[in-house]
Structures are given as C-alpha cells and as structure tokens.
Amino acid sequence: MAVFSRLICRRAASLRSFCTKSTDSDLHRASSALSSALPVDNSNGKGRNVQWVFLGCPGVGKGTYAARLSTLLGVPHIATGDLVRQELSSRGPLSPQLAEIVNQGQLISDEIIIDLLSKRLENALVKGETGFILDGFPRTVRQAEILEGVTDIDLVINLKLREEALIAKCLGRRICSECQGNYNVACIDIKAEDGNPRMYMPPLLPPPQCESKLITRADDTELVVKERLRVYNEMSRPVEDFYRSRGKLMEFDLPGGIPESWQKLLRALNLDDHEDTRTAAA
C-alpha cells in the first residue's frame with residue numbers, strides 16, 4: 001500500500017513560491033511534488049497503515065472523530081484546518097491573505113492548501129510516520145483528482161448532521177486561550193419531527209481552570225457559518241459524488257453526541273472489538 005508520507009524536499013519547497021492565482025501549471029507542479037511520496041515499510045509494527053479521508057460540513061466533528069481514530073489506530077491525523085490556523089498564528093507572509101479568506105467563510109485555494117500539506121508531510125518523513133487520516137482535504141474535485149494521482153485512498157468517511165445542529169455547534173465552539181483545548185458550550189436538544197428522531201448533544205464544557213480563558217473563533221459568527229455551509233454545498237458536495245462513484249464513500253449520520261456517535265462509528269468501521277477502543281474513547 002502506497003503511503004503518502006515522504007517528499008523530495010526541493011520539490012516541496014518549490015510549492016512555497018506559489019502565488020494565490022490558480023493556474024494549470026501550478027497544479028501540475030503541485031501534483032508532481034506530492035507524487036514524490038514513496039512507500040514506507042511499516043515493518044516495525046507500529047500503527048495501522050490506513051489511508052482514510054474524512055468529509056463533512058464545517059463544524060460536523062471531523063476533527064474530533066479523526067483524532068480519536070488516529071489515537072486508536074496509531075496513524076497521524078492531518079487536519080488542514082489546523083495547518084491553516086498554525087500558519088495564521090505564525091504571522092508569515094500568507095497570514096494576511098489567509099485571515100481575509102477565513103473570515104469571509106471562503107475556501108482557500110488549492111495551491112495554498114497543497115503547500116501547507118506538503119510542509120506537514122515533510123515533518124512526517126522526519127518523524128517516520130506511516131499511513132494517515134486526512135481531515136479537510138480534499139475539498140474540491142480538483143484536489144481529489146490530485147490526491148488520487150498520488151496515492152490510493154482506502155476509505156472516505158462522510159459525516160452528516162442536520163443543518164440546525166451544525167449551526168448551533170459552530171456558534172457554541174470555544175477554545176482555551178492558554179492550553180488551546182477545544183470545547184463547546186452549546187446544549188443541542190432538537191425534538192423529533194417529520195420522521196426525524198430526537199437529537200440530543202450535551203455541551204462539552206471545559207475544566208474549571210479553563211473556564212475564564214475561553215475565546216470564540218473570529219469566524220464563528222452566524223453569518224460566516226451559514227456562508228461556510230453554502231460554500232461547502234456548492235464546492236465540496238461533488239467530492240462526495242467523486243468518491244461515491246469509486247465505491248469508497250461511507251455515509252455516517254451522527255445520531256447525537258460523542259458517546260453515542262463514537263460507538264456507532266466504531267461498529268460501522270468494524271473496529272468496535274479493537275483492543276485499544278476504551279483508551280481511544282477516554
């Protein structure tokens with residue numbers, strides 16, 4: 001199984017000179033750089049050599065479940081949203097442009113995302129990581145085509161949640177300014193109607209030492225959240241069709257909060273009898 005974790009540094013470095021304007025030559029160079037990834041022997045027995053992708057609307061919980069599966073299977077969780085936030089906090093040359101794009105709820109260009117991903121994969125080479133769980137990439141069919149030309153994705157997990165619950169979740173998100181822990185103050189309780197069962201998602205509250213340090217992401221406003229959902233429906237839904245046509249898409253409707261959804265997701269993935277399940281769920 002090909003592993004998307006080793007890059008030739010000089011090619012990856014060339015990605016960093018990309019301008020924001022999208023051209024076919026830029027994308028060809030990006031694809032060439034990523035296709036420099038070589039198989040890595042996982043003979044040390046550490047981790048599961050899976051190559052999975054998480055899809056789903058902004059705020060659905062891709063990061064939460066991908067991170068738990070990362071711990072369970074011993075493979076890196078690579079979230080492009082985290083890569084963007086790290087770049088923003090670094091105050092590098094891309095920061096002002098990224099801040100404007102994020103605050104407007106727009107999608108970041110393929111070139112920038114691939115650039116950030118390339119840097120992350122260089123670090124993977126240094127760390128000797130194998131396999132991956134991608135979260136937030138690909139977001140467009142063009143990105144999916146680039147990824148398909150690089151490696152063979154085993155499974156694409158499409159998380160789904162009702163829109164009213166998605167909006168409430170996004171507006172309730174909080175981050176501890178000190179430890180960077182992620183929490184949610186929203187208590188979502190949607191009554192059963194129109195054939196849909198009741199949905200209850202309790203808040204994920206911080207420990208006492210973090211309560212006074214909670215901050216809200218600048219882009220978590222109702223206007224921006226709705227714009228992100230609109231953009232996702234317009235640009236990223238075709239990615240679901242892309243993987244569905246290849247028989248790699250697994251649809252998973254989140255039934256409620258983490259305790260209920262996590263166990264059902266494990267069963268759907270045939271991982272409910274995994275020896276480390278209890279540890280990952282803690």
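The values are calculated or read from the model by the stated rules, or taken from the named source; none is laboratory data. Here the structure is a predicted model, which is why all the values come from computation and not from measurement. A quick note on method: Cβ atoms are made from the backbone with ideal geometry, for glycine too, and the neighbour counts reach across all protein chains shown.
Hey, does the stretch 258-270 have a residue that's more than 18 Å from Lys62 (Cα to Cα) and surrounded by 15 or more Cβ atoms within 10 Å (Cβ to Cβ)?
Taking the stretch 258-270 and keeping what is more than 18 Å from Lys62 (Cα to Cα), we get 270.
Among the residues that remain, those that are also surrounded by 15 or more Cβ atoms within 10 Å (Cβ to Cβ) are: none.
No, there is no match, as no residue in the stretch 258-270 is more than 18 Å from Lys62 (Cα to Cα) and surrounded by 15 or more Cβ atoms within 10 Å (Cβ to Cβ).
Looking for something under 20 Å from Glu129 (Cα atoms), without any contact (Cβ under 8 Å) to a residue 60 or more places away in the chain and touching a helix residue (DSSP H, G or I) at 6+ places or on another chain (Cβ under 6 Å) - is there at least one such residue anywhere in the stretch 92-109? Explain how you work it out, then say what you get.
First pass over the stretch 92-109, keeping only residues under 20 Å from Glu129 (Cα atoms): none.
Within the stretch 92-109, none of the residues are under 20 Å from Glu129 (Cα atoms), without any contact (Cβ under 8 Å) to a residue 60 or more places away in the chain and touching a helix residue (DSSP H, G or I) at 6+ places or on another chain (Cβ under 6 Å).
Please find, within the stretch 72-113, the residue that is surrounded by the most Cβ atoms within 10 Å (Cβ to Cβ) out of those that are at pLDDT 85 or above and in a loop (DSSP other than H, G, I, E, B).
Only one residue tops the list, namely Val75.
When only residues in the stretch 144-178 that are of a type in the set (S, T, N, Q) and in contact (Cβ under 8 Å) with a residue 60 or more places away in the chain count, which is surrounded by the fewest Cβ atoms within 10 Å (Cβ to Cβ)?
Thr151
Looking at Gly149, Gly128, Gly136, Gly172 in this structure, which one is in contact with a strand residue (DSSP E or B) (Cβ under 7 Å, 6 or more places away or on another chain), at pLDDT below 90 and either among the polar types (S, T, N, Q) or within 26 Å of Ile78 (Cβ to Cβ) (or both)?
On the way: Gly149 fails: in contact with a strand residue (DSSP E or B) (Cβ under 7 Å, 6 or more places away or on another chain); Gly128 fails: in contact with a strand residue (DSSP E or B) (Cβ under 7 Å, 6 or more places away or on another chain); Gly172 fails: at pLDDT below 90.
Step by step, each of Gly149, Gly128, Gly136, Gly172 is checked, and only Gly136 is in contact with a strand residue (DSSP E or B) (Cβ under 7 Å, 6 or more places away or on another chain), at pLDDT below 90 and either among the polar types (S, T, N, Q) or within 26 Å of Ile78 (Cβ to Cβ) (or both).
Can you report the number of residues in the stretch 220-266 which are polar (S, T, N, Q), modelled with pLDDT of 90 or more and assigned to a helix (DSSP H, G or I)?
Residues that pass the stated criteria total 2.
Consider Ala144 carefully, then state whether it is within 24 Å of His77 (Cβ to Cβ) and over 20 Å from the mean Cα position of the chain (by Cα).
Details: within 24 Å of His77 (Cβ to Cβ): yes; over 20 Å from the mean Cα position of the chain (by Cα): no.
Here the answer is no, as Ala144 does not meet what is asked.
Among the residues of the stretch 184-204 satisfying the criterion of being in contact with a strand residue (DSSP E or B) (Cβ under 8 Å, 6 or more places away or on another chain) and charged (D, E, K, R), which is surrounded by the fewest Cβ atoms within 10 Å (Cβ to Cβ)?
If we take residues in the stretch 184-204 being in contact with a strand residue (DSSP E or B) (Cβ under 8 Å, 6 or more places away or on another chain) and charged (D, E, K, R), then Arg198 is surrounded by the fewest Cβ atoms within 10 Å (Cβ to Cβ).
Can you name the residue in the stretch 205-228 that is surrounded by 18 or more Cβ atoms within 10 Å (Cβ to Cβ) and of a type in the set (A, V, I, L, M) and is also nearest to Ala168 (Cα to Cα) among such residues?
It comes out as Val225.
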